[in-house]
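Working notes, structure below.
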Amino acid sequence: MAISINWTMRKFLLHFSFWIIFYLMWSRIMYFYVNNIPNRIYFSALDVSLVICAFYIIYLYIMPDYFRRKNIARLIVLSGLLVVLLAAFYTWMMGVFLHHMLVPIHFDFSWDYTDLQYNRLFIALLGVLAGCFVKLAMDRLEVARKMEIMEKEKSLAELTYLKAQINPHFLFNSLNSLYTQLDIDPKEAKGTLISIADLLRYQLYECNTDFITVANELAYLKNYFNLQKLRNDNCTATLTITGDHENLLIAPLLLITFAENAFKYVSDFDGQENSIAIEIGFAGNTMSFYCMNTFNNESLKNADDAGKGIGMVNVKKRLELIYADRYQFQQDNGNGQYIINLTLTLK
């Protein structure tokens, strides 16, 4: 309630201040030749009061009616009628004032009744046009503000949806890793199950925010990396982290997709090395992320799919929504290697 009263008072003071300034400017510009101060105050007050009446009738009633009905003909008719009625009323009132000399005129005033009519019509029209213009401008600003709010809400909803899509994708891959290890070493599988539980705990409870510390995100990536190394024993996988990342924040679950793709599409050569290399470096608040995995010619189509699958589509959308112009992203699949280069400016 107090906020509403304060806002109403601020609006009143803003309008009141504007009309005081407008009155002083009108008096100085339109009646500069009148040396008698009471006469200047009198005629300026009549003119400005006419502008104010026309302005607020248009601003508060006729323009809102137009926005509801979207009838331009009705707007023109009502505006024209308003100009005529106000001009006629003020012309009659000034005629009464001048005829009975209610305010003594101390300067050369030779207008006749027709001159008064034209003069009042012009001033009323000025108020009407000002009311239309200001109301249209305010309406456009309000529409732009609502569109901005809707865009932010849409972005937030889309980010929530994208993060929700990552959860089952990660869980599916993790359970595949656990299934593979159960056949190899059931005892070690218990430790792996604990690691998966820790990863899911992080994913479900710790990263449900817009940003999370880089340290926590990297710990999550390391755990995932180690789990996948157990599953993929036919490739050499390295994860290297350099630079100071203390106090830096990053969008959660942003880097995991690249690691998932690397392990999913890595080559399966018999006579040569299969490798995955992830390098993450920090310089100030800039993070450089490099991810490479080899692939064979038979899986070239799959390598192309690595850049077009749901995971990569999601991460590209998240980068655009969250970091906008604060990131650079490149990918290449030449020379038997699929390479991701990502540079982020972090919080």
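Being surrounded by fewer than 15 Cβ atoms within 10 Å (Cβ to Cβ) and either modelled with pLDDT under 80 or not assigned by TED's automatic domain parsing to the domain that holds TYR265 (or both) is the filter here, so list the residues in segment 211-230 that pass it.
ASN226
For segment 240-281, which residues satisfy the criterion of being at pLDDT 90 or above, over 21 Å from GLN328 (Cβ atoms) and buried (at least 20 other Cβ atoms within 10 Å of the Cβ)?
ILE276 - this is the single residue of segment 240-281 that is at pLDDT 90 or above, over 21 Å from GLN328 (Cβ atoms) and buried (at least 20 other Cβ atoms within 10 Å of the Cβ).
Looking at segment 163-183, can you tell me whether even one residue there is loosely packed, with under 15 Cβ neighbours inside 10 Å, at pLDDT 75 or above, over 23 Å from PHE282 (Cα atoms) and among the charged types (D, E, K, R)?
Yes, there is a match, as at least one residue in segment 163-183 is loosely packed, with under 15 Cβ neighbours inside 10 Å, at pLDDT 75 or above, over 23 Å from PHE282 (Cα atoms) and among the charged types (D, E, K, R).
Identify, from the list VAL103, VAL84, the residue that is surrounded by fewer than 19 Cβ atoms within 10 Å (Cβ to Cβ) and at pLDDT 85 or above.
Exactly one residue qualifies, and that residue is VAL84.
Please identify the pairs in which a residue from segment 6-30 that is within 17 Å of TYR59 (Cβ to Cβ) and in contact (Cβ under 8 Å) with a residue 12 or more places away in the chain has its Cβ atom under 9 Å from the Cβ atom of a residue that is among the β-branched types (Val, Ile, Thr) and surrounded by 11 or more Cβ atoms within 10 Å (Cβ to Cβ), counting only partners at least 6 apart or on another chain.
The qualifying pairs are TRP19/VAL48; TRP19/VAL51; TRP19/ILE52; PHE22/VAL48; PHE22/VAL51; PHE22/ILE52.
Assess whether ARG10 counts as being surrounded by 10 or more Cβ atoms within 10 Å (Cβ to Cβ) and among the charged types (D, E, K, R).
Spelling it out, ARG10 is indeed surrounded by 10 or more Cβ atoms within 10 Å (Cβ to Cβ) and among the charged types (D, E, K, R).
Take segment 184-209 and flag every residue that is within 25 Å of ASN247 (Cα to Cα) and surrounded by 12 or more Cβ atoms within 10 Å (Cβ to Cβ).
Residues satisfying the conditions are ASP198, LEU199, LEU200, TYR202, GLN203, GLU206, CYS207.
Among SER288, SER299, which is the only one that is assigned to a helix (DSSP H, G or I) and either within 30 Å of LYS154 (Cα to Cα) or modelled with pLDDT under 90 (or both)?
One residue alone meets the criteria, SER299.
Output the number of residues of segment 309-340 satisfying the condition of being hydrophobic (A, V, I, L, M, F, W, C) and either in contact with a strand residue (DSSP E or B) (Cβ under 7 Å, 6 or more places away or on another chain) or under 18 Å from THR294 (Cα atoms) (or both).
5
Hey, can you tell me all the residues within segment 249-277 that are among the aliphatic types (A, V, I, L, M) and touching a Ser or Thr at 6+ places or on another chain (Cβ under 7 Å)?
LEU249, VAL266, ALA277
Here is a yes/no grid of residues against (1) without any contact (Cβ under 8 Å) to a residue 24 or more places away in the chain; (2) touching a Lys or Arg at 6+ places or on another chain (Cβ under 9 Å); (3) farther than 14 Å from LEU125 by Cα; (4) assigned to a helix (DSSP H, G or I):
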residue: VAL51; (1), (2), (3), (4): no, no, no, yes
residue: TYR56; (1), (2), (3), (4): no, no, no, yes
residue: SER79; (1), (2), (3), (4): no, no, no, yes
residue: VAL84; (1), (2), (3), (4): no, no, no, yes
residue: ALA87; (1), (2), (3), (4): no, yes, no, yes
residue: MET94; (1), (2), (3), (4): no, yes, yes, yes
residue: LEU98; (1), (2), (3), (4): yes, no, yes, yes
residue: MET101; (1), (2), (3), (4): yes, no, yes, no
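Have a look at TYR42, TYR56 and point out the one that is under 22 Å from VAL134 (Cβ atoms), among the hydroxyl-bearing types (Ser, Thr, Tyr) and surrounded by 12 or more Cβ atoms within 10 Å (Cβ to Cβ).
After ruling out the rest, the residue left standing is TYR56.
Please go through segment 312-329 and pick out each residue that is over 15 Å from the mean Cα position of the chain (by Cα), surrounded by fewer than 15 Cβ atoms within 10 Å (Cβ to Cβ) and of a type in the set (A, V, I, L, M, F, W, C).
Selection gives VAL313 alone.
Would you mention how many residues in segment 62-77 are assigned to a helix (DSSP H, G or I) and within 16 Å of ASP139 (Cβ to Cβ)?
Residues in segment 62-77 being assigned to a helix (DSSP H, G or I) and within 16 Å of ASP139 (Cβ to Cβ): 10 in total.
The values are calculated or read from the model by the stated rules, or taken from the named source; none is laboratory data. Since this is a predicted model, take the numbers as computed values, not measurements. Cβ sites come from the backbone with ideal geometry, for glycine too, and all protein chains shown count toward neighbours.
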